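To keep things clear, I will list the structure first and then write my remarks on it.
The values are calculated or read from the model by the stated rules, or taken from the named source; none is laboratory data. What you see is a predicted model; the values in this text were computed from it and never measured. Heads up, the Cβs are rebuilt from the backbone with ideal geometry, glycines too, and the neighbour counts pull from every protein chain shown.
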């Protein structure tokens, strides 16, 4: 059995469910689709920009030095995956992380990368 990470706090209920057998096809598909979303540099940079505050397309575009059209395309993908949410304020739309789980996913990957670099 693998040693539990002392830095991470795992959800025992989810770990128990994982260890009881193979996931069904729908679960595997959803997992793969979610990991694909995280497989794009621009989308990771957008998520990172949204860690501290909500931003408009214009704000994100300026921060990432990319066109608003390119940012909007990626925002739609992130929103469809429920990784970000939006709210309208007059003519502007502001984007933010959907919930704390998005931060936790990236945090866990960063912890894992850090463990690899220690080898």
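Any residue in the range 8-23 that is more than 19 Å from residue 107 (Cβ to Cβ) sitting within a Cβ distance under 7 Å of a residue that is modelled with pLDDT under 70 and not in a helix (DSSP H, G or I)? List the pairs, counting only those 6 or more apart or interchain.
So the pair list comes out empty.
Look at the range 24-42 and say how many of its residues are touching a helix residue (DSSP H, G or I) at 6+ places or on another chain (Cβ under 9 Å) and in contact (Cβ under 8 Å) with a residue 40 or more places away in the chain.
The qualifying residues number 3.
Which ones in the range 27-42 are farther than 18 Å from residue 101 by Cα and either modelled with pLDDT under 90 or surrounded by 11 or more Cβ atoms within 10 Å (Cβ to Cβ) (or both)?
Those that are farther than 18 Å from residue 101 by Cα and either modelled with pLDDT under 90 or surrounded by 11 or more Cβ atoms within 10 Å (Cβ to Cβ) (or both): 28, 29, 40, 42.
For the range 71-119, which positions are exposed (fewer than 13 other Cβ atoms within 10 Å of the Cβ), without any contact (Cβ under 8 Å) to a residue 60 or more places away in the chain and over 17 Å from the mean Cα position of the chain (by Cα)?
Result: 87, 88, 89, 90, 91, 92, 114, 116, 117, 118, 119.
Just name the residue that is surrounded by the fewest Cβ atoms within 10 Å (Cβ to Cβ) out of those in the range 49-59 that are at pLDDT 95 or above and under 18 Å from residue 37 (Cα atoms).
Checked the range 49-59; the qualifying residue surrounded by the fewest Cβ atoms within 10 Å (Cβ to Cβ) is 49.
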